[in-house]
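**Student:** Before I ask anything, here is the structure I am working with.
The values are calculated or read from the model by the stated rules, or taken from the named source; none is laboratory data. Computed from a prediction, not measured in an experiment: that's the story for all the values here. Every residue, glycine as well, gets a Cβ built from its backbone with ideal geometry; the counts of neighbours run over all protein chains shown. Accessible surface is based on the protein model in full, side chains and every heavy atom, while ligands, DNA and RNA are left aside. Shrake-Rupley method; radii C 1.70, N 1.55, O 1.52, S 1.80 Å.
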Amino acid sequence: MSSSTNEDGAVETALPVNGIQRTFAVLRALADAPAQGMRVTQVAKSVGLTQGTTHRLLQSLVAEGMAEQDERSKLYRLGMELFSLAARAGNASDLRSLCRPALLRLCGSLGDTMFLLVRSRFDAVCVDRVDGPFPIRAFTGDIGGRVALGVGQGALAILAFLPEPEREEVIRYNVPRLREFGVYDEVYLRTEIERVRESGYAARQQGLLDGMAGLAVPVFDSAGGIVAALSVGTLTARLTEERLPTVVQMLRREAEALSRRINPFDPALRRPMHQANPAMESNQ
């Protein structure tokens with residue numbers, strides 16, 4: 001639906017002009033509905049149609065499995081068939097293939113080593129890496145390497161933006177694992193997580209690896225769920241206060257472009273490590 005301004009300056013909502021537009025208007029209204037669903041009258045008011053027309057559209061959607069109606073409350077909500085269609089749409093490429101050009105661009109522009117990390121239960125796994133001219137060390141090492149979520153900037157960026165219940169479970173499980181690094185405890189980890197959530201990126205100009213520095217930004221899907229992190233590994237001398245904002249801006253620009261292309265229903269996102277090595281998940 002579109003909106004326009006009348007002669008009095010009031011905003012008017014234009015009614016959908018054909019059946020397809022009306023159907024999608026109803027679907028969008030259901031998508032914005034509370035979890036319990038909406039009444040016919042509420043949907044009709046939302047889309048600007050009569051109650052009779054809205055009821056017919058809803059019943060057609062129910063018949064196709066695109067919407068469902070609770071027998072007791074009579075409230076309508078989106079149906080599982082719609083989610084099934086979205087899942088089958090997927091992406092044209094897997095996550096690694098989708099992100100590879102971004103890694104190459106960033107490596108070429110920055111002259112530093114780039115990593116793509118994804119979550120694997122309580123760890124972060126490197127599924128791709130593009131090496132810059134400077135020799136560096138990283139917690140994950142080469143492609144296929146893993147590290148506990150919270151260790152290193154990429155793993156911290158992923159942990160920070162997990163849904164709160166998942167984040168809390170990872171913190172509970174990982175705090176004992178982080179103590180081997182000598183400087184981690186729960187207070188420190190939670191402080192770092194809040195810092196990352198506030199700034200939108202994870203950066204350490206003097207990391208746990210002597211002479212190494214890193215910076216990472218989260219990569220979300222188009223629905224806002226965390227799926228990966230773009231991370232740069234470099235020498236401490238190369239991540240100066242003056243250069244840091246430029247690096248952040250470049251990584252964010254690539255991450256935001258990727259996020260618009262990542263379908264949250266893509267089944268490949270459920271097994272992202274498989275893209276790096278088909279045998280990686282066989283023992284998990």
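**Student:** Relative contact order for the stretch 19-82: what is it in percent, counting Cα pairs under 8 Å that are at least 6 residues apart?
**Tutor:** On the way: 76 pairs, mean separation 21.5, N = 64.
Averaging sequence separation for qualifying contacts and normalising by length gives 34 percent for the stretch 19-82.
**Student:** How far, in nm, would the chain grow between T53 and S73 when pulled straight, counting 0.36 nm per residue and subtracting the alpha carbon separation?
**Tutor:** Once the chain is fully extended between T53 and S73, it gains 5.2 nm.
**Student:** Just the number please: accessible area per residue for the stretch 19-82, 1.4 Å probe, all protein chains included, in Å².
**Tutor:** Details: 3920 Å² over 64 residues.
I get 61 Å² per residue for the stretch 19-82.
**Student:** Can you tell me the FRET efficiency between T240 and T191 if r is taken as the Cβ-Cβ distance and R0 is 22 Å, rounded to the nearest 0.05?
**Tutor:** That pair, T240 with T191, gives E of 0.40.
**Student:** Could the peptides 18-26, 210-218 be put in order, highest first, of the mean number of other beta-carbon atoms found within 10 Å of their residues? Walk me through the numbers on the way to the answer.
**Tutor:** Details: 18-26: 15.4, 210-218: 22.2.
Highest to lowest by the protection proxy: 210-218, 18-26.
**Student:** On the protein heavy atoms, probe 1.4 angstrom, tell me the percent of accessible surface of the stretch 91-260 carried by carbon and sulfur.
**Tutor:** Working: 3800 of 7590 Å².
Roughly 50 percent of what the probe reaches on the stretch 91-260 is carbon or sulfur.
**Student:** Going highest first, how would you order 67-77, 229-239, 256-266, 151-161 by mean Cβ packing within 10 Å? Before the final figure, lay out the partial values.
**Tutor:** On the way: 67-77: 14.7, 229-239: 22.2, 256-266: 16.3, 151-161: 26.9.
Answer by packing, highest mean first, reads 151-161, 229-239, 256-266, 67-77.
**Student:** Roughly how many percent of the accessible protein surface of the stretch 14-74 is carbon and sulfur, given a 1.4 Å probe and a whole-percent answer?
**Tutor:** Values: 1960 of 3860 Å².
Whole-percent figure for carbon plus sulfur exposure: 51.
**Student:** Give the distance, in whole Å, between the Cα centre of the stretch 108-143 and the Cα centre of the stretch 212-250.
**Tutor:** 11 Å
**Student:** Can you work out the accessible area per residue across the stretch 91-260, with the rest of the protein chains kept in place, probe 1.4 Å, in square angstrom?
**Tutor:** Working: 7590 Å² over 170 residues.
Result: 45 Å² per residue.
**Student:** In addition: Find how much the distance from E169 to F83 grows on full extension, using 0.36 nm per residue of separation minus their present alpha carbon separation; answer in nm with one decimal. Before the final figure, lay out the partial values.
**Tutor:** On the way: separation 86, 0.36 × 86 = 30.96 nm, distance 2.73 nm.
Gain on stretching E169 to F83: 28.2 nm.
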